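Working notes, beginning with the structure itself.
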Amino acid sequence: MISNALMIASAVCLLVSIVPLLPVPHGAVRSFDFARLQVIGLSLIVLAGTIIFWSSAIPIRISLALAGSALAIQLVHVVPFTPIWRRQTARHEGNPVAATTISLLVCNVKQSNRDFDNVTRVIERRRPDIVILMETDAAWATALEPTLSDFRETVRYPQPNTYGMILASRFALAESAVQFLLNDEVPSIWCRVTLPDGNEVRVIALHPEPPIPSRDTLGRDAEILLVGKKAREEPLPTIVTGDLNDVAWSRTTRRFLRISRLLDPRQGRGLFNSFHAQFWFLRWPLDHIFHSSHFELVSIERLPSVGSDHFPMYYRFALTDEARNTPPSPASKDDIEEADEAVKAEKARDRPPVGTDWEKT
């Protein structure tokens, strides 16, 4: 009985490990990208079970092979986000007080969350140069106005459909715009930030659609890849951040990095699981920041819960002419072609985004 249960569990582990390898942009496939840590945990439990109940029985041997294969597949994706991997973004070794730095606090506040004071306190306590908030409706915009009035400039686009955004900056914005890249209801914020020393930095804030099992992920994937193409052509030091509704190790995010030539500071450091804040057993890295080779990392931190299903994330970078970063792998011809096809297909569609009725308040 136990050997059969182990064999079934190991088969499930291997199945959910193989499914996200399929090049299919659909939520029924892409959703399996998210639970890699959970599958690693289950695979380890099955492997422990095969050792405890070891025998020469065929089900036990099959369980060992299947669970071991599942674990290997999952580790290939997750290990780059552990300290044993080479860091892609170098640690800034100079004095950050003397360097040109930029700090960002990024948080999906969860539209139905009404713990306004928690978000206010974390902003006031950390005093970031730039705050980026997602899922902000009119109530959030009103509640945060006193706190954000401390910032030099604010770009507000509150919406009742879970896609509202706010960006506040203590630095001058040489330009700022709310753009709708592929869907008229899904905004992104694009800014050219002027630092105190006169250097300019491009900051792009995104919140594409989440994947759901009943729909394709073309909208999310196309938006992420389109931004990757635009970031590749951007001459300024660039930062792309937000709740991308995608995990750090996914096919789309890895392709985005190859196309954009941006770096992920989590590689070689840790997962920094930002979702789900309430359930420790359902966590993965859903909120991201990527940057061009002009930056080195000063700090990266997951902050305490503010009542949302996402943890706030805090980042600080140093702008330097001598960055010691490891460049990402170059984009292939297939990367560019598939990105172009995804963007073209999504532009040809006219549909409401996913999840606009999830956060009724």
Next on the checklist: Checking Phe279 against (1) surrounded by fewer than 18 Cβ atoms within 10 Å (Cβ to Cβ); (2) in contact (Cβ under 8 Å) with a residue 40 or more places away in the chain; (3) over 26 Å from Leu225 (Cβ atoms), only one condition comes out false. Which one?
Outcome noted: (2)
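Conditions (1) surrounded by fewer than 22 Cβ atoms within 10 Å (Cβ to Cβ); (2) polar (S, T, N, Q); (3) farther than 22 Å from Pro312 by Cβ; (4) at pLDDT below 95, marked per residue:
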residue	(1), (2), (3), (4)
Val201	no, no, no, no
Ser214	yes, yes, yes, yes
Glu223	no, no, yes, no
Ile239	no, no, no, no
Asn245	no, yes, no, no
Arg266	no, no, no, no
Arg269	yes, no, no, no
Phe275	yes, no, no, no
Next on the checklist: So His288 passes all but one of these: (1) in a loop (DSSP other than H, G, I, E, B); (2) within 17 Å of the chain's Cα centre (by Cα). Which condition number does it fail?
Outcome noted: (1)
Item to check | Unique match (being of a type in the set (A, V, I, L, M), in a strand (DSSP E or B) and more than 17 Å from the chain's Cα centre (by Cα)) among Ala339, Ala318, Ala323 | outcome: Ala318
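In region 178-199, what residues are farther than 18 Å from Val106 by Cα and either polar (S, T, N, Q) or surrounded by 14 or more Cβ atoms within 10 Å (Cβ to Cβ) (or both)? Write out each step before concluding.
Step one: of region 178-199, the residues farther than 18 Å from Val106 by Cα are 179-185, 194-199.
Correct list: Gln179, Leu181, Leu182, Asn183, Glu185, Thr194, Leu195, Asn199.
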Checklist entry - Which residues, taken from region 7-39, are touching a residue at least 60 places away in the same chain (Cβ under 8 Å) and over 26 Å from Gly219 (Cα atoms)? => result Ser10, Gln38
Checklist entry - Is it the case that Ile40 is under 22 Å from Asn273 (Cα atoms) and out of contact with any strand residue (DSSP E or B) (no Cβ under 6 Å at 6 or more places or on another chain)? => result yes
Item to check | Any helices (runs of 4 or more DSSP H) falling wholly within region 3-81 and containing at least 2 residues that are closer than 19 Å to Arg255 by Cα | outcome: 27-30, 58-78
Checklist entry - Out of all the residues in region 171-183, is one or more under 30 Å from Ala138 (Cβ atoms), assigned to a strand (DSSP E or B) and under 17 Å from the mean Cα position of the chain (by Cα)? => result no
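Pick from Glu175, Glu153: which is of a type in the set (Asp, Glu) and surrounded by 14 or more Cβ atoms within 10 Å (Cβ to Cβ)?
Selected residue: Glu153, the only one of Glu175, Glu153 that is of a type in the set (Asp, Glu) and surrounded by 14 or more Cβ atoms within 10 Å (Cβ to Cβ).
The values are calculated or read from the model by the stated rules, or taken from the named source; none is laboratory data. All of these numbers come straight from a predicted model, not from anything done at the bench. Note that each Cβ is placed from the backbone with ideal geometry, even for glycine, and that neighbours are counted across all protein chains shown.
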